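Data first, discussion second: the structure below is written as structure tokens.
What follows draws every value from the coordinates through simple rules; no lab data is involved. Since the model is a prediction, treat every value here as computed from it, not as a measurement. Methodologically, a virtual Cβ is constructed for each residue, glycine included, from the backbone with ideal geometry; neighbour enumeration extends over all protein chains shown.
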Amino acid sequence: MLAMKRPSRIAAACHTLAIFIFGGGVAAWGGAAVSGDSVIRSIDAEVQARVAAVAGFTDVERYDVYRGQDETHPAAEITVKVTYRKRVGKSYTILSQKGSSLIRRFGLKPLLENEKEINQPGKVENSWFTSANYEMKLKSGPVEQVNGRTCYALAITPKHKAPNMLEGTLWVDARDFSIVRVKGIASQKPSIFAGTTHMMRDYGNIDGYPMATQARAESNSAWFGRTVVVIHYGDYHLELQSAP
């Protein structure tokens with residue numbers, strides 16, 4: 001019976017990844033204190049500016065699944081070309097795949113379908129890192145260095161629970177308030193068989209806008225052990241909105 005449920009366990013870990021604001025607090029940068037409210041307003045404005053400017057994009061994503069303690073040899077992997085269009089959503093073209101057919105069938109492919117679902121118009125807005133979706137609090141103290149960038153750190157708690165909504169920390173660039181990293185635990189388990197899932201996603205500046213560069217989810221279960229999903233993003237081509 002346990003062997004029959006393993007694909008569901010792996011699917012739960014993958015589903016949780018399908019994935020990536022604040023109030024109060026004072027942080028200091030360059031000797032000047034900034035308020036949590038002002039940082040929150042700036043983050044909301046940055047997200048809205050990105051949404052308005054980016055009409056669509058394509059990229060190539062590689063999904064690796066590791067089992068147990070081995071993070072050198074993926075048990076399964078799949079590489080896809082992603083096409084996103086505003087007011088349309090996401091679509092995928094599989095470029096290559098290898099490894100366990102069970103993990104690909106019951107884990108990775110459902111993950112891609114879930115990503116399509118949460119990126120549909122009318123739904124994608126619910127997962128943005130904005131004050132409409134998250135309670136956020138600017139962490140006090142000095143700014144932090146993340147991937148070579150000076151960042152404000154904020155504690156975030158989702159206003160509605162979902163497997164792709166995180167409770168943890170959001171780092172934003174102290175100069176332009178774009179997302180640099182998010183890290184935490186899934187606010188809701190996708191399955192009764194799933195353990196606590198720890199998630200992280202890094203962002204890089206692509207044509208002036210934050211886009212995901214790498215993501216990782218790790219889940220442990222007394223029944224099925226440890227599963228790690230790592231996503232590598234690259235070869236971005238952004239379609240920017242024409243000026244009115």
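Extension gain, Ser101 to Asp207, is 34.5 nm, computed as 0.36 nm per intervening residue step minus the present C-alpha separation. Can you spot the aspartates and glutamates whose alpha carbon is less than 16 Å from Lys123's alpha carbon? Ignore those fewer than 8 places along the same chain. Within the straight-line limit of under 16 Å, Lys123 reaches these aspartates and glutamates: Glu113, Glu115. Between amide H atoms placed 1.01 Å from N, distances below 5 Å from Ile206 occur with Met211, all of them 5 or more places distant or on a separate chain.
Phi angles of the range 124-130 translate, via the Karplus equation with coefficients 6.51, -1.76, 1.60 and θ = phi - 60°, into HN-Hα couplings of 4, 4, 6, 10, 5, 7, 10 Hz per residue; Gly and Pro are given as x. Applying 1/(1 + (r/R0)^6) with r as the Cβ-Cβ distance of His232 and Asp37 and R0 = 51 angstrom yields a FRET efficiency of 0.90. Amide H to amide H, with H built 1.01 Å from N, Ser178 comes under 5 Å of Asp173, counting only residues 5 or more places away or on other chains. Here the simple spin-label model places points 7 Å from the Cα toward Cβ, and for Arg175 and Ser242 these points are separated by 3.2 nm.
Across the cross-link table entries Lys86/Lys139; Lys90/Lys161; Lys81/Lys137; Lys116/Lys161; Lys98/Lys159; Lys109/Lys183, which are compared at the Cα atoms, the separations over 31 Å belong to Lys86/Lys139; Lys81/Lys137; Lys98/Lys159. If the segment from Glu135 to Tyr92 were pulled out straight at 0.36 nm per residue, it would be longer than the present Cα-Cα gap by 12.2 nm. When the range 27-101 is described by a simple charge dipole with +1 on each Lys and Arg Cβ and -1 on each Asp and Glu Cβ, the residue from Ala75, Ser38, Ala49 located farthest towards its positive end is Ala49. Between the beta carbons of Asn147 and Glu117, assuming R0 = 45 Å, the FRET efficiency works out to 0.90 to the nearest 0.05. All other residues whose Cβ lies under 9 angstrom from that of Val65 are scored, Lys and Arg at +1 and Asp and Glu at -1, for a net of 0. For the pair Glu125 and Val51 in one chain, pulling the backbone fully straight at 0.36 nm per residue adds 25.7 nm over the alpha carbon distance.
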